[in-house]
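Peer 1: A single structure is presented below for examination.
The values are calculated or read from the model by the stated rules, or taken from the named source; none is laboratory data. No experiment lies behind these values; they were computed from the predicted model shown. A quick note on method: Cβ atoms are made from the backbone with ideal geometry, for glycine too, and the neighbour counts reach across all protein chains shown. The area values use the complete protein model at the heavy-atom level, side chains included, leaving out ligands, DNA and RNA. Shrake-Rupley method; radii C 1.70, N 1.55, O 1.52, S 1.80 Å.
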Amino acid sequence: MSEWVQRENGKGEIDRAGQSLIPWWEEPKVVTTEEVVKAYHVVQNWRTSHALPLNVFQAVLRTRASKINTDVIVAQRLKRFSSVMNKLVREPTMKLSQMQDLGGCRAILSDVSSVYKLYSMYHGGDRLFEGEGTVKCHDYIKRPKPDGYRSIHVIGRYSPRIESRKPWTGNRVEIQLRSRLQHAFATAVETVTTFTGAPLKFGSGPSDWSRFFSLMGSALAIREGTELVEGTPSERAALSHELLDLVKALRVRHKLRAWTKALTQLPRRHIKDFKWLLLVLNITENTIKVSGYADRHKADETLAEIEKSKRKDLDAVLVWVNSAKRLQAAYPNYYADTREFIAALEIALKE
C-alpha cells in the first residue's frame, strides 16, 4: 500500500491552502514564499491522494464497458495542478476539498445506445463493485449544456471494504461516458481553447466561437437522435445555414487542419514498457513531446517541475491509457487531431 499517497491534512487545511495559492497563481510576480511552498504541497498531496480510488473506478469502468463494446477506449487521469488552480480562480466559492473531478476516467463508446447501456450499470444499479460507493449522475445528452457539450457524468465516492484502504474513504472520482461523436466534439473544443487561449471549454470565450459549438452540438445531436441544444434552430436547413456562415467567418476548417498538421505525431520509439506518459504541448512552437515512465512517482516529479514554472506556453499532462497505440484516440486534443470532428462538420453542412 506504500505506493499510494494518503491524505495528510484535514479538509479545512486543504481548502485554506487552495485559496491561499490563488494570488500566487494569478500573478507571476508574486514571490514564492515558504508559506506558498507549504500550501502547494498540501494541494498536491490532496490531488495525488485520489490515485488509488481513481485506479479502482477505472478498473470497474473497463470491466463494464468491455461487456458492451470490444473496441471501447478507456483512459484515466489525475486533474493537473494547473487545472485545479484555474478552476479555483474561475469558481471563487469552490472548496478544494469538494472538487469532484480531481480523479477522472472516461469511456468512449461507438454510439449513444452503447453509452446508455453502460450508464444503466451505474444509474439505478443494485450491485456495486468493491470500493464503489454512492454515485451521482448528470445526463448532458438529454439536457445538453448551452455550449453544446453532451456526455454523461457519473460522480462516485470511494467506499472500500478492505480495512487498509479506509484512509481513502469518500474521495470522489468523475466518470465520463461518451460516444465517438461526443468525444470528437469535446476534442475540438479543447483544441480551439488550447490554440486560441479562449476559455470555450468552460462555457465562455468569444461569442462567435461559442455560437459555432452550440450549433455543432445540435448538429451532432440530430445525427444521434437526441435532444438539441437550447437556443439553436430546430430546422435542419436553418441550422446548417447559420453553421455555414460561422464556418466561413471563423475559417474553422482551415484552422483546425492547420493545427492538426502543425503538431508532430507520437515518436516511433518502443514504449510498451512504460505505464505512464507525460505529454508536453508547446503552443508557441507547435510541438508535442512525449516521455515514458515506468515509475509513476518520477513522472509526477517531472510534471510538478513543469507546473511550478508557470510557463503559459506549455500545457503538460500525465496520462495512462489501456494501450500506447490508443493514446492519440483517447487524448487527441494534444495532437490537434480533429479529423473526425471535421468529417462530422462536413456532413452537418451538407444536410
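Peer 1: So which of SER97, SER164 is within 27 Å of GLU307 (Cα to Cα) and assigned to a helix (DSSP H, G or I)?
Peer 2: SER97
Peer 1: Based on this model, can you work out whether LYS350 counts as open to solvent by 60 Å² or more (accessible area, probe 1.4 Å), at pLDDT 80 or above and under 30 Å from LEU220 (Cα atoms)?
Peer 2: Taking the combined requirement at face value, the residue satisfies it.
Peer 1: Still on this model: Does ARG16 satisfy the criteria of being modelled with pLDDT of 95 or more, assigned to a helix (DSSP H, G or I), of a type in the set (D, E, K, R) and within 26 Å of VAL280 (Cβ to Cβ)?
Peer 2: In short, no.
Peer 1: Given the criterion touching a helix residue (DSSP H, G or I) at 6+ places or on another chain (Cβ under 7 Å) and either modelled with pLDDT under 95 or of a type in the set (Gly, Ala, Ser) (or both), identify the matching residue among VAL30, VAL56.
Peer 2: VAL30
Peer 1: Oh, and also: Only one of GLY156, GLY170 is assigned to a loop (DSSP other than H, G, I, E, B), in contact with a Phe, Trp or Tyr (Cβ under 9 Å, 6 or more places away or on another chain) and closer than 24 Å to ASN45 by Cα; which?
Peer 2: After applying the criteria, what remains is GLY170.
Peer 1: So, ARG172, is that one of a type in the set (Lys, Arg), out of contact with any Cys (no Cβ under 7 Å at 6 or more places or on another chain) and open to solvent by 40 Å² or more (accessible area, probe 1.4 Å) or not?
Peer 2: no
Peer 1: For GLY148, which of the numbered conditions (1) under 18 Å from the mean Cα position of the chain (by Cα); (2) open to solvent by less than 10 Å² (accessible area, probe 1.4 Å); (3) modelled with pLDDT under 95 fails to hold?
Peer 2: The failed condition is (3).
Peer 1: Quick test for you: out of ALA219, ALA198, ALA184, ALA188, pick the one residue that is hydrophobic (A, V, I, L, M, F, W, C), in contact with a helix residue (DSSP H, G or I) (Cβ under 8 Å, 6 or more places away or on another chain) and surrounded by fewer than 20 Cβ atoms within 10 Å (Cβ to Cβ).
Peer 2: ALA198
Peer 1: While we're looking at this one, here's another question. If the Cβ limit is 8 Å and pairs must be 6+ apart or interchain, which residue in the range 167-183 that is under 16 Å from MET121 (Cβ atoms) pairs with which residue that is of a type in the set (Ser, Thr, Tyr)?
Peer 2: If the second residue must be of a type in the set (Ser, Thr, Tyr), the pairs left are VAL173/TYR158; ILE175/TYR122; GLN176/SER151; LEU177/TYR119; LEU177/SER151; ARG178/SER151.
Peer 1: Here are some conditions: (1) over 15 Å from VAL84 (Cβ atoms); (2) open to solvent by 70 Å² or more (accessible area, probe 1.4 Å). ARG16 meets all but one. Which one does it not meet?
Peer 2: Unmet for ARG16, out of (1) over 15 Å from VAL84 (Cβ atoms); (2) open to solvent by 70 Å² or more (accessible area, probe 1.4 Å): (1).
Peer 1: Would you say ASN333 is polar (S, T, N, Q), modelled with pLDDT under 80 and either under 30 Å from LEU239 (Cα atoms) or touching a Lys or Arg at 6+ places or on another chain (Cβ under 8 Å) (or both)?
Peer 2: yes
Peer 1: Next question. Quick one: THR134 ticks every box in (1) in contact (Cβ under 8 Å) with a residue 40 or more places away in the chain; (2) assigned to a strand (DSSP E or B) except a single one, so which number is it?
Peer 2: Only one criterion in (1) in contact (Cβ under 8 Å) with a residue 40 or more places away in the chain; (2) assigned to a strand (DSSP E or B) is unmet by THR134, namely (1).
Peer 1: Here's another thing I want to ask about it. From GLU174, GLU190, GLU230, GLU235, which residue is in contact with a strand residue (DSSP E or B) (Cβ under 9 Å, 6 or more places away or on another chain) and among the charged types (D, E, K, R)?
Peer 2: Of GLU174, GLU190, GLU230, GLU235, the one residue that is in contact with a strand residue (DSSP E or B) (Cβ under 9 Å, 6 or more places away or on another chain) and among the charged types (D, E, K, R) is GLU174.
Peer 1: Among residues belonging to the range 37-60 that are among the small types (Gly, Ala, Ser) and in a helix (DSSP H, G or I), point out the one that is nearest to ILE175 (Cα to Cα).
Peer 2: Among them, the one singled out is ALA59.
Peer 1: How about the range 79-115: which of its residues are farther than 23 Å from ARG62 by Cβ, open to solvent by less than 30 Å² (accessible area, probe 1.4 Å) and more than 18 Å from the chain's Cα centre (by Cα)?
Peer 2: SER97
Peer 1: Given the criteria over 21 Å from the mean Cα position of the chain (by Cα), modelled with pLDDT under 85 and in a helix (DSSP H, G or I), does ALA249 qualify?
Peer 2: no
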